[in-house]
Amino acid sequence: MEDEQSTCVGPSSTRNGGHSPLDRSLQSTNKDQDYFDLPLPVEVEGSKEPPSSDPIWSILPSYWMYTASIQRNLSVPDQDNDDEPPIYERSNPASVVSLSTESNELPPTPGTSLLAATASASTPATPHSDFILADENTSSWQETILDNVHKLKQLTHTDNAASNAVDIKVFFTEEVCKKGEKPTLIDPLIFEYKEGDYLNGYITIKNNSNEPIPFEMLYLMFEGKIMVRNCKNAADRTPVVLSKFLEMFDFSASWNEANINRLITENPAISDDSVIDPLDNTVCCFNCDKRMHPGVVYKRFFTFKIPKNLLDSECNEHNLQLHVEMPPSLGDCTFERNSANAIKIRDLSMIDTAVSYAVLVRFIGRKSKYKVDPNLFSDKDTILVNSKGDEYIILKEVLGNIRILQQSKRVTKTKQMECKILQDNLINRVREKIETGHKLLKLIRENDSCSAFELSKRICQKELEFAKMKQAYVRKIDAIASTSRYEQPTSIEIVTPLVKRSLTGAQKAIGTLKLSTPLTRYLVDYIPPLRFRDKPISEQQHNSWILNIPLDLTCLLPDNADKSGKIPIEIKRISAEFVVTTIRSDKYAIPIEFGHDLIYNKKVDNNTFFDQDTFTNNVVKPMKANMNELTRIFKELGPENFQLEKQLVEDLASVACLKEKSLNLHIHNIKLQDRHTNEMYPREDPKSTLLIAWRADKGGRSYTKKINLMVDLTSMALKDVSQKEASQAKAAYDDFCLVPNFQSCFLGRWYQVRIHVLLSNNKYVYVKVPVSVDKS
């Protein structure tokens, strides 16, 4: 992974609910104090080929190398005679506790009091509830700004004169740009990029005002992020939740005081002529005064290589393999809303959620320099200030969006077993904690204070031992997988009792119906939307959307049944839906990787029209019940008797508060095949399931129907589309975009075919088979 990570030079970004640099320094000194002492919450394609030769650096400088050597430790004085920054007064000193954490519902760690003391001693007075200090007299002030850049106020989409005077344009090119050579421009919105592809291009910056415009930082970077928009206010461009999982900086394109040679052929010597591009007379660098001068067109070249994986630090808490893979572009991205030729991509995401990638240009400056309307922003927002109390603000930000879909990675049996182990581990830890709490409550109620004290002491010691063990923990999945406990099933079986009701309401068992199908993950080829296709759909791709699902229906009769050979039940109809499921965590990283067999086909009451075998019912609700019970115990015992490990609480809160969106697409073209006779029956024929005969075994107590279900996914449509309309419509892959399955720390997507079997007693039996969208 050395080559892929060489260009991933940015720091691991601060996710929602993450930590500032001050938080991280405190973490390093409090590793053993990883538990809580306050109450819990109750509710908690057509891509461009890389160039044959690589003219750019094979390894770009890391962010930490940049801050340690290239970046200079200096004080930044005022460079003009503008008015002094505003002086703030603190109205509530205690509010500084929430210095760098967002409205955290979970209780703080024991380091919080130290955090508050440090903040009160080093931050300027302010009436805001949240403020962060970026002291330019230190070497880490830029890092502090970058870690919290998603909290800065934004002038880009306002009427601010300074922001509107800055004109920034992003251009993408085929090859690496060089001064004096005319580039070949490309439209990135017709390509689907993948790992290893290069993003080449340049930006132009012009100050259209009559006065110089100062700035503190200019960064040109390649970003990947998960955004959740404010659906209640369509005009609000600020994401409600922002998780940046990828930050790659091009330091040669960003402003810095050192000369970084971008190309192997570049001459390190700087002269007056070398900063001018003779092709268009643009200026290729900024002066050290950090001002955009009027009438000057600045140009900066950039080159990025899309990495194969994210940095391991993106999933520090849980070290999950799937969470460091690049998620696909998903949802209503910015360029789809703003592009003049926008074509809506129907990828069936949550309406307010998007995964987007972009080359981003961002100017950051001091608020006092830009004559900002004091009524433009709320005083309740988090602010980031320097040592003089002057607030940092985003002057201008421009995106050049692109679409990325990585190659799919196959899920192995070992990975499925690992998912099972991790999920069982989380559930068992929560249950053990609840059982311990119940025992402690019982001892206290029995006035056995001595035993209660010893049990409480063992709890504290066990939590500390677990935290230490976790740091040195090395998984041995292969060894554990060899045990029978984690043996993988080979089929999916759904068993439904058959009962007969008398006029008096009494029930009599008349048999059992078993529906089974092999546990197979069906692969469907990824087909890009029409705008991204560079060639017609092949026959192989089309055929991958037609699934052949074998079904075995077995009717078992009781020993006391008559020997007339009459089957007590019949199959009236078999239908199928394609289910698209998206999950999202709004605050804490998802602690486990969900597998299909760990979620669905559970033993629940499916004898109604509404399927109860869902992700919310099987995963979220049980975890929420455990969380509420643990909260009740914690409140009753108090923190002095019942301490909780921080990571366990966050993991529990994450799963208990997951949001799910499942969209069911009705599959119109279904055929049934009798596996004994090979006869094919269209599903539209109401007698198709009756024509497939039951076959008795030798004992006469068991009857079986063996059916092949031919499911044509190209015929799937929304439920409000009739079968006639669906038959006349275009293929589903021309109407919908199914991105490959993925799961990150905060977002996940998977698919399944849900098969409905309607019995003659008007009861339903459901079975779900996993489907993976494969991009190879």
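Every number in this text was worked out from the coordinates using simple rules, so none of it is lab data. Everything numeric here is computed off the predicted structure, so don't read it as measured data. A quick note on method: Cβ atoms are made from the backbone with ideal geometry, for glycine too, and the neighbour counts reach across all protein chains shown.
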_Most positive-pole-ward Cα, Asn428, Met417, Asn375, against dipole of the range 354-451 from beta carbon charges_ = Met417
*Tell me, rounded to the nearest percent, the portion of alpha carbon pairs in the range 122-221 spaced more than 23 Å apart.*
53
*Nonlocal amide H pairs with Met716, under 5 Å, H built at 1.01 Å*: His668, Ala732
*Could you give log10 I(q)/I(0) at q = 0.15, 0.18, 0.22, 0.24 Å⁻¹ for the range 619-678, computed by the Debye formula over C-alpha point scatterers of equal weight, without solvent?*
-0.61, -0.74, -0.93, -1.01
*asked:* Can you list residues from other chains, or at least 5 along the same chain, whose modelled amide H is less than 5 Å from the amide H of Leu551?
replied: Ile707, Asn708, Leu709
*Under the Karplus curve 6.51 cos²θ - 1.76 cosθ + 1.60, θ = phi - 60°, whole-Hz ³J(HN,Hα) for the range 618-632, x wherever Gly or Pro sits*: 8, 10, 5, 4, x, 5, 5, 5, 5, 5, 5, 5, 5, 5, 4
*Could you pull out the pairs from Lys344/Lys535; Lys535/Lys768; Lys415/Lys602; Lys671/Lys775; Lys420/Lys621; Lys730/Lys775 whose alpha carbons sit more than 24 Å apart here?*
Lys535/Lys768; Lys671/Lys775
*Most exposed first by the Cβ proxy, i.e. fewest other Cβ within 10 Å, how do Thr677, Thr282 rank?*
Thr677, Thr282
*asked:* With 10 angstrom as the radius, rank Asp674, Asp734 by how many other C-beta atoms surround their C-beta, starting from the fewest.
replied: Asp734, Asp674
*Peptides 711-720, 584-593 ordered by average Cβ neighbours within 10 Å, highest first*: 584-593, 711-720
_Just want the ordering: Met680, Met326, from fewest to most Cβ atoms lying within 10 Å of their own Cβ._
Met680, Met326
*Using every Cα-Cα pair within the range 547-670, state what percent have a distance larger than 26 Å.*
47
*Would you please give the residues with an amide H less than 5 Å from that of Val296, counting only those at least 5 places away or on a separate chain, with H modeled from the backbone geometry?*
Asn207
